[in-house]
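Every number here is computed from the coordinates shown, using simple stated rules; none is lab data. Just so we're clear, the structure is a prediction, and the values are computed from it rather than from any experiment. Positions of Cβ are backbone-derived with ideal geometry, glycine not excepted, and every protein chain shown enters the neighbour counts.
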Amino acid sequence: MSEVGTAENPLRVAIIGAGPAGFYAAEHLFKQKMAVQVDMYDRLPTPFGLVRNGVAPDHQKIKSVTAVFDRTAKKPGFRFFGNVELGRDVSVDDLRDHYHQIVYTTGAQTDRALNVPGADLEGHHPATEFVAWYNGHPDFRDLQFDLSQEKVAVIGIGNVAMDVARILCRTPAELAQTDIADYALEALSKSNVKEVYVLGRRGPAQAAFTTPEIKELGEMEDTDTFTISDEVELDSLSEASLAESADRGAMRKVEIIQSYAQNQSTGKSRKLFVRFLVSPVELYGDEHGHVKAMKLVHNELYKTDAGSLRPRATERTEVIEVGLVFRSIGYRGVPLSGVPFNDSWGVILNDNGRVIHPDTKEPVTGEYTAGWVKRGPSGVIGTNKPDSVATVDLMMADLQNGRYLHPTHPEAEAIASLIAERQPQFFSYADWQKLDELETAKGAELGRPRLKFTCVEDMLAAVGKA
Amino acid sequence: MKVSGILSIKPGDVITAHPQQTIQEAIGILAARNIGALLIVDDVGKLVGILSERDIVRKAVMHKGVFDLPVAEVMTTHVVTALPQDDLMSVAHTMTEKRFRHMPILDSDGELIGMISIGDVLKAQRDKYRGEIDTLETQLMADED
Ligand SMILES: Cc1cc2nc3c(=O)[nH]c(=O)nc-3n(C[C@H](O)[C@H](O)[C@H](O)COP(=O)(O)OP(=O)(O)OC[C@H]3O[C@@H](n4cnc5c(N)ncnc54)[C@H](O)[C@@H]3O)c2cc1C
Ligand SMILES: NC(=O)c1ccc[n+]([C@@H]2O[C@H](COP(=O)([O-])OP(=O)(O)OC[C@H]3O[C@@H](n4cnc5c(N)ncnc54)[C@H](OP(=O)(O)O)[C@@H]3O)[C@@H](O)[C@H]2O)c1
């Protein structure tokens, strides 16, 4: 057979996960000077990963990136197999039988645990689930969050915590302009939430959220946002490290945080407190096993050998009443059956994107990874671009050196018929585009950017697959 | 971003040598693995020093027979280490300030779990800024038809 990458024998690549990392990888593959065919898989019928199911509904503008992904999907040689899950409908061995190269871009599907007494009480949820719920992720649509509670805590001060706090504090009118799931809009419209506490374990200079996000917290229609003077005054270590870093962005962020300490109540219906230097140490429950309060310990900062400022508990504690708690302390990848995993960091075991054997640390021929499941849950959408490009560059180098899989059935039809057999209800890109049109049309009627389908059966029925 | 973000794309095998090995042997490992520094561990795997190219050069100036010396006589024994949860920005600052090109990473039990280089750190910082720019660029591309 002719060389791989020619018209007769195109390079066949499977990309598992249709989020930003998957699409950026596909885009870079199509830029190569060779014949390439990409089959992109996703366990959901809908593409775009966290751009659809993570990015906050009140951040519509950023979602326009999907237009660029659409362009990649139009390339000849691109196919989408939605509603097909690796591990459920296809196995790694199936892929090895049909492709020269495989790229895992499955993102971070779960969250990091919070190990404090009372963590298993009802009313304590991972932010990951709340986020997926309000965004209409089919696996999470049936969850219930007790929004009859008046006081809510969000643990962590990253951008996800900011999203969660905003969504809890937005008015029904603000939310109604977004593509938030209809059931979530309904539930949040009836919400009884009056006070939200966002809890950071370190100080303002170490906050993980970015400047536009903290600024936005202070600009909500019916929520007053506060910080507490004592907590936002910089300690000497933070002051020194901020001065040394000469990071103007970080200084601006601290200024905004400090300015909220001056805020006076303007009589808005909700109050949002961003707290610093506090860690939850225990959740207390009522007689029904439902969380009713949280014990916080106040922290001080110390400098590690390497120069980082870390929190250390002091003697001072405090109990706050809360009936609903979200932990927003980071996402985490889950292992894929048949793919080596690095349990320490919750990523696929890899060397700069090449999947490696756990014992020998040698590359597994033809298998690669990119995005959050490669490097961990950090960075914005665009961060995945250089990350995926770096992985594809390694794939090209390996191809040059003859290191790729030799599938028994490299023909594009072979895998298509296998999938049709295993998952007859797979979604093609055309199916998705039809669904997309329906969603935007339904949204337009209501003056919303889109009205999402949130249930796989409904999605299937809408495109005539049920 | 944290130090763990760099470790997550590394194989996780730390390249080490023993204090009794010769500099000749150590150079062999540095060259074969294409690295700039070796972590020196004792018999139970405890970190006792770091041997960088620079340590060897510095010793060679005064000592012609440097190749035959044991690593223990040339290595730096005061090793500054980092934790996976350390902020990358602070670690970067410490490394540039103190002119360390390598930083061993220990877990909270003091076990050696990896090493990062100044190159890794600078690349991670660059990627962070590039991420912002690439997001904007993707949005701009989306707006053109
Ligand atoms: C709540 C939240 C809000 C965010 N907001 C922003 C923002 O406003 N702006 C910004 O720039 N960045 C934002 N980000 C960051 C951005 O979303 C990520 O950087 C990016 O989505 C990571 O891309 P990825 O492709 O690695 O993973 P993902 O986007 O998670 O995509 C992974 C895909 O793989 C699929 N998959 C998983 N397992 C399987 C399997 N076994 N078989 C088949 N398919 C599978 C999933 O269904 C998913 O579609 C946000 C992140 C979160 C969590
Ligand atoms: N608008 C946007 O652009 C947007 C929106 C959402 C997400 N994102 C991106 O997506 C990525 C993930 O966001 P994220 O918010 O999930 O993660 P993140 O930015 O890593 O923030 C995690 C937060 O949790 C805290 N935390 C971790 N463990 C804790 C513990 N045991 N107790 C208390 N606090 C703890 C961290 O504090 P320490 O710093 O002290 O560890 C940090 O404040 C980020 O890169 C983010 O920028 C971007």
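Filter the trypsin sites (Lys or Arg not before Pro) in the range A:82-121 down to the DSSP loop ones having no more than 15 other Cβ atoms within 10 Å, then list what survives.
Sites meeting the loop and neighbour criteria: A:Arg88.
For the range A:1-91, just say rounded, prolate or oblate: build the C-alpha gyration tensor, square-root its eigenvalues into a ≥ b ≥ c, call rounded for a/c under 1.5, and beyond that prolate if a/b exceeds b/c, oblate if not.
oblate
Between B:Gln125 and B:Thr22, what is the label-to-label distance in nm when each label sits 7 Å out along the Cα-to-Cβ direction?
Each label point is offset 7 Å from its Cα along the Cβ direction, giving 4.0 nm.
Chain B: longest stretch without exposed GluC sites (Glu not before Pro) (DSSP loop, at most 13 other Cβ within 10 Å), sites themselves excluded?
Between exposed loop sites, the widest span is B:1-110.
Checking the a/c ratio against 1.5 first, then a/b against b/c, what shape does the Cα gyration tensor give for the protein assembly as shown?
Here the protein assembly as shown falls in the oblate category.
Can you tell me the relative contact order of the range A:113-330? Whole percent, Cα pairs under 8 Å, sequence separation 6 or more. Working shown, then result.
Numbers: 436 pairs, mean separation 65.2, N = 218.
Relative contact order comes out at 30 percent.
Holding the Cα-Cα limit at 28 Å, pick out from A:Lys75/B:Lys123; A:Lys374/A:Lys465; B:Lys10/B:Lys98; A:Lys442/B:Lys128; A:Lys215/B:Lys10; A:Lys190/A:Lys385 the pairs that are longer than that.
Flagged as over cut-off: A:Lys75/B:Lys123; A:Lys374/A:Lys465; A:Lys442/B:Lys128; A:Lys215/B:Lys10; A:Lys190/A:Lys385.
Quick one: compute the contact order of chain A, relative version, from alpha carbon pairs under 8 angstrom and 6+ residues apart, as a percent.
Details: 947 pairs, mean separation 102.1, N = 466.
Dividing the mean separation by the residue count of chain A yields 22 percent.
Under a crude label model (7 Å from the Cα following the beta-carbon direction), how far is A:Lys61 from A:Ser91 in nanometres?
4.9 nm
Only sites in a loop by DSSP and with at most 12 other Cβ atoms within 10 Å count here; which GluC sites (Glu not before Pro) in the range A:408-466 make the cut?
Passing both the DSSP loop test and the Cβ count: A:Glu411.
Could you state the angle between the C-alpha long axis of helix B:53-62 and the longest principal axis of the C-alpha atoms of chain B, as a value from 0 to 90 degrees rounded to the nearest 10?
40 degrees
Apply 1/(1 + (r/R0)^6) to the Cβ-Cβ distance of A:Asp458 and A:Lys190, taking R0 = 22 Å, and write down the FRET efficiency to the nearest 0.05.
0.40
Determine the percent antiparallel among the DSSP beta bridges restricted to the protein assembly as shown, to the nearest 5. If you can, show how the numbers build up before the last one.
Values: 39 of 83 bridges.
In the protein assembly as shown, DSSP labels about 45 percent of beta bridges as antiparallel.
Below 14 Å, Cα to Cα, which aspartates and glutamates can B:Lys2 reach? Residues fewer than 8 away in the same chain don't count.
Cα-Cα hits under 14 Å: B:Asp86, B:Asp87, B:Asp107, B:Asp120, B:Asp127.
How far is helix B:88-98 tilted, in degrees, relative to the longest principal axis of the Cα atoms in chain B, given as a value from 0 to 90 rounded to the nearest 10?
The angle comes out at about 40 degrees.
In whole angstrom, note down how far apart the Cα centers of the range A:104-169 and the range B:22-89 are.
Centre-to-centre (Cα) distance: 46 Å.
For a quick check of your reading of the filter: which GluC sites (Glu not before Pro) in the range A:261-343 sit in a DSSP loop and have no more than 13 other Cβ atoms within 10 Å?
Counting only loop positions with at most 13 other Cβ atoms within 10 Å, the GluC sites (Glu not before Pro) in the range A:261-343 are A:Glu287.
If you take every DSSP beta bridge whose two residues both sit in the range A:113-330, what share of them, in percent to the nearest 5, is antiparallel?
The antiparallel proportion sits near 45 percent.
At 7 Å along Cα-to-Cβ for each site, give me the label-to-label distance between A:Arg252 and B:Met62 in nm.
5.0 nm
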